[in-house]
Amino acid sequence: MEAWNHEAFTGWSTELGEALAWVRPEKIVDLCRYLHDEQGFERLSGVTAIDRYPLEPRFEVLYLLHSISRNLRLKLKVALPGSDPVVPTVTTVWEGANWYERETFDLFGVRFEGHPNLKRLLLPEDWEGHPLRRDFPVHGHKYSYQNE
């Protein structure tokens, strides 16, 4: 399959017995579909982000895959810039990615293009900023609870 070729990857490593593959953002959906359909990674156990501020690329989106039938785990990472962190959604591969991606959007500000309902999950809709970004104020932004 074309998704599983060297052009999809920017690097890989195996440390402490864990496999990690760096994937180009535009290839993540095809690769995930291949891993799900052809390699038995039937479970997506998480999606989150890492903020490397002030480095560029600033964000790393981390996908945790699990093949229950083969007892294998695989981590995928996608590097994204700080100015416009956007990656395609994998909800078309694993429906359960919906809430993981919404949480990552809410807390880090990473947008998942094509997501069916990308809106805040944990914070109020009028919340300003993304609290897990490294440049978010330590004491947070002032928020008024008077509107409730």
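Using the alpha-carbon atoms, what tilt in degrees (0 to 90, nearest 10) does helix 97-108 show relative to the longest principal axis of the chain?
50
Compare Gly82, Gly40, Gly17 in a GNM of the chain, Cα atoms joined below 10 Å, and give the one with the largest fluctuation.
Gly17
Would you mind calculating the relative contact order of the chain from Cα pairs under 8 angstrom and at least 6 residues apart, reporting the percent as a whole number? Intermediate results must be reported in sequence, preceding the final value.
Values: 263 pairs, mean separation 27.3, N = 148.
Here the relative contact order equals 18 percent.
Over the chain, with the other protein chains present, what is the accessible area per residue in square angstrom, probe 1.4 angstrom? Walk me through the numbers on the way to the answer.
On the way: 8890 Å² over 148 residues.
Heavy-atom accessible area per residue stands at 60 Å².
Quantify, in whole percent, the carbon and sulfur part of the accessible surface of the chain (1.4 Å probe; protein heavy atoms only).
Values: 4440 of 8890 Å².
Its accessible area is 50 percent carbon and sulfur atoms.
Place a point 7 Å from the Cα of Glu26 along the Cα-to-Cβ direction; which residues of the stretch 86-119 have their backbone N under 19 Å from it?
Answer for this model: 86-90, 111-115.
Which angle from 0 to 90°, rounded to the nearest 10, does the C-alpha axis of helix 28-37 make with the longest principal axis of the chain?
So the helix axis and the longest Cα principal axis differ by about 50 degrees.
Would you list the P(r) distribution for the stretch 51-148, with all Cα-Cα distances sorted into 10 Å bins from 0 and each bin expressed as a whole %?
14, 41, 31, 12, 2, 0
Can you list residues from other chains, or at least 5 along the same chain, whose modelled amide H is less than 5 Å from the amide H of Ala49?
Leu62
Could you pull out the GluC sites (Glu not before Pro) across the stretch 75-127 that fall in loop regions by DSSP (anything but H, G, I, E, B) with no more than 14 other Cβ atoms inside 10 Å? Display every interim value, and only then the final one.
Working: sites: Glu95, Glu101, Glu103, Glu113, Glu125; in loops: Glu95, Glu125.
Hits after loop and neighbour filter: Glu95, Glu125.
The values are calculated or read from the model by the stated rules, or taken from the named source; none is laboratory data. Quantities reported herein were computed from a predicted structural model and do not represent experimental measurements. So basically every Cβ, Gly included, is an ideal-geometry build from the backbone, and we count neighbours across all protein chains shown. For accessibility, only protein heavy atoms count, side chains too; no ligands or nucleic acids. Shrake-Rupley method; radii C 1.70, N 1.55, O 1.52, S 1.80 Å.
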